[in-house]
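What follows is a single structure, written as structure tokens, with notes after it.
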């Protein structure tokens with residue numbers, strides 16, 4: 001059944017969620033990036049995807065930058081049905097609590113133990129458990145590891161929070177995220193202080209079999225926002241050799257917690273510059289390109 005009226009924002013959110021799930025499944029970097037790029041392409045369109053399809057079917061989608069036959073099919077499926085079979089399949093393959101392994105200091109076994117003992121599966125539930133003391137009751141979670149989890153979880157996004165982050169600001173309302181200039185300042189401060197060994201470090205469990213305390217953490221405040229910055233410790237960052245390039249910044253203001261990732265652009269007009277992923281257009285304006 002055709003679903004008229006689905007927005008480009010909703011379609012982009014679905015594509016981004018697929019990229020998140022692929023990354024959890026340790027998919028190849030190219031496929032993850034292709035879904036993220038497709039999401040940004042859809043998000044930047046001036047015309048609704050549904051209108052494009054009415055004019056020229058999936059050929060109009062395949063004419064978009066970076067959209068091949070497979071991605072065009074995914075976009076068309078979302079636009080016409082409101083669902084994506086690939087997304088449902090990937091979600092069914094991710095075991096409960098798998099998202100916890102994205103938190104520094106929590107590996108597969110500990111994530112399963114947390115899920116089984118506390119009966120929780122979402123990052124929001126984990127954050128609550130980290131603050132109310134339940135997390136420290138799980139075997140293998142001491143005060144230091146609980147504190148590290150609290151730092152990381154202070155800004156990690158749920159799926160609904162990511163939607164709020166990507167929603168364009170309504171007229172007359174303040175944009176619900178820091179300006180690109182502020183995020184790039186935090187990124188620069190973090191990388192500079194990390195290089196000079198001026199930051200407190202934590203020992204992530206993932207990809208750290210020797211338990212080395214290597215991951216620097218920065219906490220800062222700017223313009224009413226609270227920030228926490230860390231190098232990315234995901235499987236994709238390790239495979240891509242980007243653990244000391246990709247910087248994840250968690251930010252909070254007024255109780256709403258969100259995140260972004262800052263990377264060094266590898267192509268296009270922004271090549272070689274630090275870029276807030278998902279906000280490339282604003283970065284081009286910031287650099288005067």
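The values are calculated or read from the model by the stated rules, or taken from the named source; none is laboratory data. What you see is a predicted model; the values in this text were computed from it and never measured. Note that we place each Cβ from the backbone using ideal geometry, even for glycine, and neighbour counts take in every protein chain shown.
Annotations for the structure displayed:
- Residues of region 58-72 that turn out to be more than 24 Å from the chain's Cα centre (by Cα) and touching a residue at least 12 places away in the same chain (Cβ under 8 Å), as a count: 2
- Some residue of region 30-53 being part of a loop (DSSP other than H, G, I, E, B), modelled with pLDDT under 85, under 27 Å from residue 241 (Cβ atoms) and outside the structural domain of residue 276 (by TED's automatic domain parsing): no
- Residue in region 68-80 that is closer than 30 Å to residue 126 by Cβ and either at pLDDT 85 or above or loosely packed, with under 13 Cβ neighbours inside 10 Å (or both) present: yes
- Single condition residue 82 does not satisfy, out of (1) under 12 Å from residue 11 (Cβ atoms); (2) touching a helix residue (DSSP H, G or I) at 6+ places or on another chain (Cβ under 6 Å): (2)
- Any hit, region 257-267, residues being closer than 14 Å to residue 104 by Cβ and crowded, with 18+ Cβ neighbours inside 10 Å: yes
- Check on residue 101, modelled with pLDDT of 75 or more, under 30 Å from residue 287 (Cα atoms) and assigned to a helix (DSSP H, G or I): no
- Pairing residues of region 31-52 that are on the phi > 0 side of the Ramachandran plot and without any contact (Cβ under 8 Å) to a residue 12 or more places away in the chain with residues that are part of a helix (DSSP H, G or I) and crowded, with 17+ Cβ neighbours inside 10 Å, at Cβ distances under 8 Å and at least 6 apart in sequence or on separate chains, gives no pairs at all.
- Subset of region 1-13 [at pLDDT below 85 and crowded, with 19+ Cβ neighbours inside 10 Å]: 13
- Residue 254 farther than 18 Å from residue 187 by Cβ, out of contact with any helix residue (DSSP H, G or I) (no Cβ under 7 Å at 6 or more places or on another chain) and modelled with pLDDT of 85 or more: no
- Of all residues making up region 121-155, the number that are modelled with pLDDT of 75 or more, surrounded by 20 or more Cβ atoms within 10 Å (Cβ to Cβ) and not in a helix (DSSP H, G or I): 1
- Test: residue 258 is within 26 Å of residue 145 (Cβ to Cβ) and free of Cβ contacts under 8 Å to residues at least 12 places away in the same chain: no
- The one condition in (1) buried (at least 18 other Cβ atoms within 10 Å of the Cβ); (2) free of Cβ contacts under 8 Å to residues at least 12 places away in the same chain that residue 216 fails to fulfil: (2)
- Annotation note: of 199, 236, the sole residue that is at pLDDT below 80 and touching a helix residue (DSSP H, G or I) at 6+ places or on another chain (Cβ under 9 Å) is 236.
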